[in-house]
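Please read the structure below before turning to the comments.
The values are calculated or read from the model by the stated rules, or taken from the named source; none is laboratory data. These numbers were taken from a predicted model, which means no experiment stands behind them. Cβ: placed from backbone, ideal geometry, glycine included. Neighbour counts: every protein chain shown. Surface accessibility is based on the protein's heavy atoms, side chains included, excluding ligands, DNA and RNA. Shrake-Rupley method; radii C 1.70, N 1.55, O 1.52, S 1.80 Å.
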Amino acid sequence: MAQDQLIIFDTTLRDGEQSPGASMTREEKLRIARQLEKMRVDVIEAGFPAASNGDFESVRAVAEIIKDATVAGLCRASDKDISRALEAIKPAKSGRIHTFIATSPIHMEKKLRMTPDEVIVAACNAVRFARNGIDNVEFSCEDAGRSELDFLCRIIEAVIKEGAGTINIPDTVGYNVPEQFAERIHQLRERIPNSDKVVWSVHCHNDLGLAVANSLAAVRAGARQVECTINGLGERAGNAALEEIVMAVRTRQDIFNCDTRIDTTQIVAASKLVSGITGFPVQPNKAIVGANAFAHESGIHQDGVLKHRETYEIMRAEDVGWNTNKLVLGKHSGRTAFKARLQELGIEVDSEQVLNAAFTRFKELADKKHEIFDEDLHALMSEEVTTPEQERFRLLSSRFHSETGELPLAAITMSDNGQEHHAESSGSGPVDAALKAIESVVNSGAELLLYSVNAITTGTDAQGEVTVRLSKGGRVVNGLGADTDIVVASARAYINALNKLLSGQERINPQGDV
Ligand code: KIV
Ligand code: ZN
């Protein structure tokens, strides 16, 4: 008998973006969407179009470029939201409306202030309205994990009659435990007379660290779509981690009677891309994508693996995209080879100016670091996503002094709309001194929420990738900078964040208004 397909619905660009500080620009969303498509996810939830103009534009831009995945737009159960989402996903080769309303007693009474009957009417109206615009409609019962089973049966039967093709059962607050959640899915499938007409989906949050376990238990109970995010990014403690769901199902074929379409060799690249863009580092012991996930430390383990790999390894590192670190380009590589490799990595460069600036930086990097890996190119391009016009501030040169027993000093030259400024500062260390020098020019008044440094590849000649998160007036932005000198990388990251915050670049914090 042919195996069922488990549909992978990625919501990194929507629920993932709801993590405080993880908001992304349109260009960043496009880069992630391209990687998700390359990894062959089935559905990309690109955003919440009614939430803001920025989010509408991002969903539309994703819908325009993605050809091998369905692009979904989230909307509340209201005609206005649904119309906006229909408009945003219009260019998609395959689009989906994902509409939701809360169904738990506490949400209906305290948040919606609606009776259960009113909620059923609103849900049916929403699905009917959406079906007038598109065939592919998903309905979610928000807080289904705490909703009454009888009520869920009533509302779901009704929306299936209106034409919903996917029914999603979210554990919105991460309250469920695996046996209970699986039983819930089982009961719903058993008791709802038209349950066989739809795909059953789950969407689990990780408040008790059970998002993946609950999702997998639901798959055992017949769910055939899992909503998840790269690295488990998402609201509060996050969502179920895509990489863990996919690899559990792939590795334990004896347990799960289904499989996904995912090209698992793209998982690590997707993880690094999302981590770099959002500034959320991946813990070293994180399953599948953590730096230590395949590292054997103890002598007994190492001995076993050398004798027979499967003694201690249930998956192969290369199957999820580790060790694919290839030497891609060197200092003699030309512009054409550089551009071609970017294309292979799914990085589209639509402006010659951006390409030229990136190529110049590539050459500078190749002079300092002889081996350039894919990760280096990703980092380089994370900074070059803006055209020079969008770049109000630019670091022109820098000098740092740090010596045992001496006060660290930084001197920087930067431009503000083409006008050159020079500043010097001391600090507790060279990074502190450099950022203070920049601030003495810009006077941004922004609050520094996060500063983190990661080595992009191995070796002491690796580039350090710095993430800086700034907040001002309710807006939160991430800036990235990479260089073999981490003080320079820090200055670049800080300036990158200031450009997003102060140069009038679109949005950010797209879902903050709803
Ligand atoms: O967690 C949740 O309930 C959601 C829904 C909107 C699907 O994100
Ligand atoms: Zn959610």
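Based on alpha-carbon atoms, the Kirkwood radius and the radius of gyration of segment 207-338 give Rg/Rh equal to 1.03. Within a straight-line Cα-Cα reach of under 17 Å, Lys286 can be paired with the following aspartates and glutamates, leaving aside sequence neighbours fewer than 8 residues apart in one chain: Asp207, Glu243, Glu244, Glu297, Glu313, Glu318, Asp319.
Nearest 5 percent is fine: what portion of the DSSP beta bridges confined to the chain is antiparallel? If you can, show how the numbers build up before the last one.
Values: 36 of 73 bridges.
Rounded to the nearest five, the antiparallel share is 50 percent.
Once the 1.4 Å probe is applied to the protein heavy atoms, the chain comes out at 42 Å² accessible per residue.
For Lys110, the aspartates and glutamates whose Cα falls under 15 Å of its own Cα, not counting residues fewer than eight places away in the same chain, are Glu118, Glu142, Asp143. Full extension of the segment from Ala340 to Glu179, taken as 0.36 nm per residue of separation minus the current Cα-Cα distance, would add 53.0 nm. The C-alpha atoms of the chain define a longest principal axis, and helix 211-220 lies at about 40 degrees to it.
DSSP loop (so not H, G, I, E, B), at most 11 other Cβ within 10 Å: list which trypsin sites (Lys or Arg not before Pro) in segment 39-141 pass both filters. Mind showing how you got there, number by number?
Numbers: sites: Arg40, Arg60, Lys67, Arg76, Lys80, Arg84, Lys93, Arg96, Lys110, Lys111, Arg113, Arg128, Arg131; in loops: Arg40, Lys67, Lys93, Arg113.
Passing both the DSSP loop test and the Cβ count: Lys67, Arg113.
With all protein chains present, how much of the accessible area of the chain (probe radius 1.4 Å) comes from carbon and sulfur, to the nearest whole percent? Could you put the intermediate results ahead of the total?
Numbers: 10560 of 21700 Å².
Exposed carbon and sulfur together represent 49 percent of the surface.
Considering only Cα-Cα distances, which of the following residue pairs are longer than 27 Å: Lys80/Lys472; Lys272/Lys369; Lys29/Lys339; Lys339/Lys436; Lys272/Lys331? From the list (Lys80/Lys472; Lys272/Lys369; Lys29/Lys339; Lys339/Lys436; Lys272/Lys331), the Cα-Cα distance tops 27 Å for Lys80/Lys472; Lys339/Lys436. Grouping the Cα pair distances of segment 57-202 into 5 Å bins from zero gives a pair-distance distribution of 2, 10, 20, 21, 19, 14, 9, 4, 0 percent in increasing distance order.
Eigen-decomposition of the gyration tensor built on the alpha-carbon atoms of the chain gives equivalent ellipsoid semi-axes of 42, 27, 21 angstrom, largest listed first.
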